[in-house]
Amino acid sequence: MTSAADEAPLWQPGPDRVAAAAVTRFQSWAAAHHGAPAEGGYASLHRWSVEALDTFWKAVAEWFDVRFSTPYEQVIGDRSMPGARWFPGATLNYAEHALRAAEDPLRAGAPALLHVDESHTQTATSWSELRRQVGSLAAELRALGVTPGDRVSGYLPNIPQAVVAFLATAAVGGVWTSCAPDFGARSVLDRFQQVEPVVLFTVDGYRYGGKEHHRADTVAELRRELPGLRAVVHIPLLGTDAPEGALDWAALTAADTEPVFEQVSFEHPLWVLYSSGTTGLPKAIVQSQGGILLEHFKQIGLHCDLGPEDRFFWYTSTGWMMWNFLVSGLLTGTTLVLYDGSPGHPDISAQWRVAEQTGATLFGTSAAYVMACRKAGIHPGRDLDLSRVQCVATTGSPLPPDGFRWLHDEVADDLWIASVSGGTDVCSCFAGAVPTLPVHIGELQAACLGTDLQSWDAAGKPLTGEVGELVVTQPMPSMPVRFWNDPDGSRYHDSYFDVYPGVWRHGDWITLTDRGSVVIHGRSDSTLNRQGVRMGSADIYEAVERLPEIRESLVIGLEEPDGGYWMPLFVHLAEGATLDDALRDSIKRTIRENLSPRHVPDEVIEVPGIPHTLTGKRIEVPVKRLLQGTPLEKAVNPGSVDNLELLRFYAELARRRR
């Protein structure tokens, strides 16, 4: 691993930027009030945040003026994992904090939400209007009998109505859960049937890729298969009439009603998120009102450095945790940009145009989108006015080094590039954006505050400069309070705590560098392990997909019964390309020269496509199981994948190989 002295950073914040950053001001204040170190910059602040965990989170609550309607007895009651108890005795409400900017007469008329559709029509919702709609809808939910703890579901795209429905649910103490309308009925039911919602918010369809996609039949199936529903609320995105027995959105949000915020315990459920569910039913992950409130204040206010002057755009759908994270931008009084449409319609520059049009200051997207832009040869910095974009953040998979260089060269040379990594499991980041630190190519800037992130070997020994398991050795407030329908906690325990007792093991391979930055190598449960050398699949994808002939790739490492090891590389070719000996040689040479001879696959196999989860992640483990002989129905949950036919291809390939 490169040492700190070996290379210059790609980007370095100037002294004015460092001084103006909220995390700098927070450190000075915490030094004066809570004994934090005044000197030593971010590294010393992070060390203090994990060594004095209680004091750090108390400081976060004070700095962001968290309103506890009942005071807490202590910051952390029980700190064991799983089962840590945060701020016992405290009561509060997430939605009250998210709508606080509307109380400021100078802010009430400013936009809280900017909604953009594929036609690039922009609609603003002011803070006062957002608060009014939430107040009206919360009163209607109470009238429908929704009480604290009841589940409220949304089958909705990334539109303002989704934000209103979520905040109204949180205001009454309900538990929100959502899926994007591109999920089919089976995928939605695999999620919603677990939590038994009492209300369903739904659209009649959505627009994507220049086409209208009607969803009336799917909605009818959801209504039939969710017997606990007391009400269905119809949002006529495509202009159709409400189906029989459904309530009309406009009528429920028409009143001028002051919102009433139910004061709930700190650990009261805020929402249920779902794991990708590639094997078995998706895990239904419950996170708390207080835990998310504190974690997102820290992450958005300190790490993303967002405040009232900012506009926060992250390309996401309501089926991905980044939507929940985006909505929390309201906590810092930030204007949210909601884009509802295809990331590449009418062309690959679509997301950059949304950033330009809305004046986004932080633009979040996927590493895959950045690499697709690079491959397409576009020049967003030259062709668009992106002068307001201060930071481009990426997640979903590690941003390859070429992605860092492309953003620097083609967007702006003074661009803060934040590759971040966390997960649905905590609805936050373990490592990523720090506005006061340099950016090094291929690295996440640092572990996040209050996150005791370490890299461990198999024996539980911490590593620096070597690949190890991503572990978190102390609790975070946004860790799940539980999984739904997991009464004895065994599924929760087995998901994170079965390898290192009492320590969260996330399932990623990482390297912590000697300068405190972090490199993510891919999932440890599908990590390649050849001749005792562990390799991340992300490293291979980054090298192979530089080749113009390769659209996408998938590498699997298979331990064989005779002690051998088979490592095939599956490639989905670009249009017009042919997998001949010359291309095979080119692929192997690229991997050998960029990585090592050990990374070179045993076979390169052309496939009709690479399978993904519904949230766009490559499916590695189920393909590995198919190749090991697991039947398709046991290797993968069919409702969790984007193209089941593709997996049949891999299953047939496995059968032929056997």
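Shape descriptor for the range 1-124: Rg over Rh equals 1.08 (Cα atoms; Rh from the Kirkwood inverse mean 1/r). Measuring with a 1.4 angstrom probe and ignoring ligands and nucleic acids, Asp78 comes out at about 70 Å² accessible. Restricting the range 316-408 to trypsin sites (Lys or Arg not before Pro) that sit in a DSSP loop and have at most 16 other Cβ atoms within 10 Å of their own Cβ leaves Arg388. Taking Cα centre as origin and charging only the Cβ of basic (Lys, Arg, +1) and acidic (Asp, Glu, -1) residues, the dipole magnitude of the range 288-434 rounds to 180 debye. By the Kirkwood approach, averaging reciprocal distances over each pair of separate Cα atoms, the range 126-194 gets a hydrodynamic radius of 12.6 Å.
About the centre of its Cα atoms, the range 190-254 shows a dipole size close to 160 debye [charges on the beta carbon of Lys, Arg (+1) and Asp, Glu (-1) only; nearest 20 debye]. In this rough spin-label picture, where each label sits 7 Å from Cα along the Cβ direction, the Arg230-Gln12 distance is 6.1 nm. Here, P(r) means the percent of Cα pairs in each 10 Å bin from 0 to the largest distance; for the range 467-594 it is 11, 30, 29, 20, 9, 1.
Across the range 142-301, the fraction of Cα-Cα pairs farther apart than 24 Å, rounded to a whole number, is 34%. Sorted from longest to shortest, the spans of the Cα atoms of the range 262-328 along the three principal axes equal 43, 32, 20 Å. The ellipsoid equivalent to the alpha-carbon distribution of the chain has semi-axes of 36, 30, 26 angstrom, derived from the gyration tensor eigenvalues as √(5λ) and listed largest first. Taken per residue, the accessible surface of the range 590-658 reaches 50 Å², heavy atoms only and a 1.4 Å probe. Share of the chain's accessible area from carbon and sulfur, percent, 1.4 Å? Using a 1.4 Å probe with all protein chains present, the chain comes out at 48 percent carbon and sulfur. Reducing the range 282-340 and the range 207-244 to their Cα centroids gives an inter-centroid distance of 26 Å. Residues whose amide H lies under 5 Å from that of Leu528, counting only those 5 or more places away or on a different chain, are Met535, Ser537; hydrogens are built 1.01 Å from N in the peptide plane. Over the range 553-658, the reciprocal of the mean inverse Cα-Cα separation, the Kirkwood hydrodynamic radius, stands at 14.7 Å.
Once divided by 2.2 N^0.38 Å, the Cα radius of gyration of the range 331-442 becomes 1.03.
Across the range 377-390, computed HN-Hα scalar couplings (Karplus, 6.51 cos²θ - 1.76 cosθ + 1.60, θ = phi - 60°) run x, 7, 10, x, x, 7, 8, 10, 8, 10, 5, 7, 6, 8 Hz from first to last residue, x flagging Gly and Pro. Rounded to the nearest 500, the helix-only mean residue ellipticity at 222 nm of the chain stands at -8500 deg cm²/dmol, with each DSSP H run of n ≥ 4 adding -39,500 (n - 2.57).
Within straight-line reach of Lys283, meaning a Cα separation under 13 Å, sit the following aspartates and glutamates at least 8 residues removed in sequence or on another chain: Asp190, Asp425, Asp486, Asp494. In the chain, a dipole from Cβ-located charges (positive for Lys and Arg, negative for Asp and Glu) runs towards its positive end, and of Gly344, Pro548, Leu270 it is Leu270 whose Cα lies farthest in that direction. 3J(HN,Hα) along the range 258-270: 5, x, 10, 9, 5, 8, 10, 5, 3, 8, 4, x, 9 Hz, from the Karplus curve 6.51 cos²θ - 1.76 cosθ + 1.60 with θ = phi - 60°, whole Hz, x for Gly and Pro. When only Cα pairs below 8 angstrom with a gap of at least 6 residues are kept, the chain shows a relative contact order of 13 percent.
The residues of the range 375-432 expose, per residue, 35 Å² of accessible area to a 1.4 Å probe. For the range 299-355, the equivalent ellipsoid derived from the Cα gyration tensor has semi-axes of 22, 13, 8 Å, listed largest first. Each part gets one Cα centre, and for the range 605-658 versus the range 451-521 those centres are 27 Å apart. Working note: Karplus 6.51/-1.76/1.60 with θ = phi - 60° gives the range 305-317 the couplings 6, 9, x, x, 7, 8, 10, 10, 10, 10, 6, 7, 10 Hz, where Gly and Pro are set to x.
The values are calculated or read from the model by the stated rules, or taken from the named source; none is laboratory data. All of these numbers come straight from a predicted model, not from anything done at the bench. Counting neighbours? That spans all protein chains shown, and the Cβs are built from the backbone with ideal geometry, glycine included. With ligands, DNA and RNA removed, areas are computed over all heavy atoms of the protein, side chains included. Shrake-Rupley method; radii C 1.70, N 1.55, O 1.52, S 1.80 Å.
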